[in-house]
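*Asks:* Provided herewith is a single structure, encoded as structure tokens, for subsequent inquiry.
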Amino acid sequence: MADEHARKWDRCLADTAVKTVTGLGVGIVFSLIVFKRRAWPLSFGSGLGLGMGYSNCQHDFRSPYLIHGRMVKVSAQCNFHCLSEVCDTRSHHAA
């Protein structure tokens, strides 16, 4: 449990740092090219990056049992013997 918590913190800090630096970089580009070297695009871009990183961290810590996977849709044509394995509807149509 503690190991998973440490991994979440590492992932959160790295994600927030990347998003903040990227926002700062985009702010620098817009400040130099579009807004004639004003300071507000830098703070706006870094603030957006920091906010997105914080939001991602908040979501990550509030969903502790999130399992990444895919849903398997069971068709109505499946029999009870194939509940333990994924039913393939093509095999029922071919028979």
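Results for (1) closer than 30 Å to Ser63 by Cα; (2) surrounded by 12 or more Cβ atoms within 10 Å (Cβ to Cβ), shown as yes or no for each residue.
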| residue | (1), (2) |
| --- | --- |
| Ala2 | yes, no |
| His5 | yes, no |
| Cys12 | yes, yes |
| Thr16 | yes, yes |
| Val21 | yes, yes |
| Phe30 | no, yes |
| Ile33 | no, no |
| Leu42 | no, yes |
| Met52 | yes, yes |
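*Asks:* Please go through region 5-60 and give me each residue that is free of Cβ contacts under 8 Å to residues at least 12 places away in the same chain and charged (D, E, K, R), ordered by number.
*Replies:* Selection gives Arg7, Asp10, Lys36, Arg37, Arg38.
*Asks:* Separate question: Phe80: of a type in the set (Phe, Trp, Tyr) and modelled with pLDDT of 85 or more, yes or no?
*Replies:* Values: of a type in the set (Phe, Trp, Tyr): yes; modelled with pLDDT of 85 or more: no.
In short, no.
The values are calculated or read from the model by the stated rules, or taken from the named source; none is laboratory data. Quantities reported herein were computed from a predicted structural model and do not represent experimental measurements. Please note: Cβ atoms are built from the backbone with ideal geometry, for glycine as well, and neighbour counts cover all protein chains shown.
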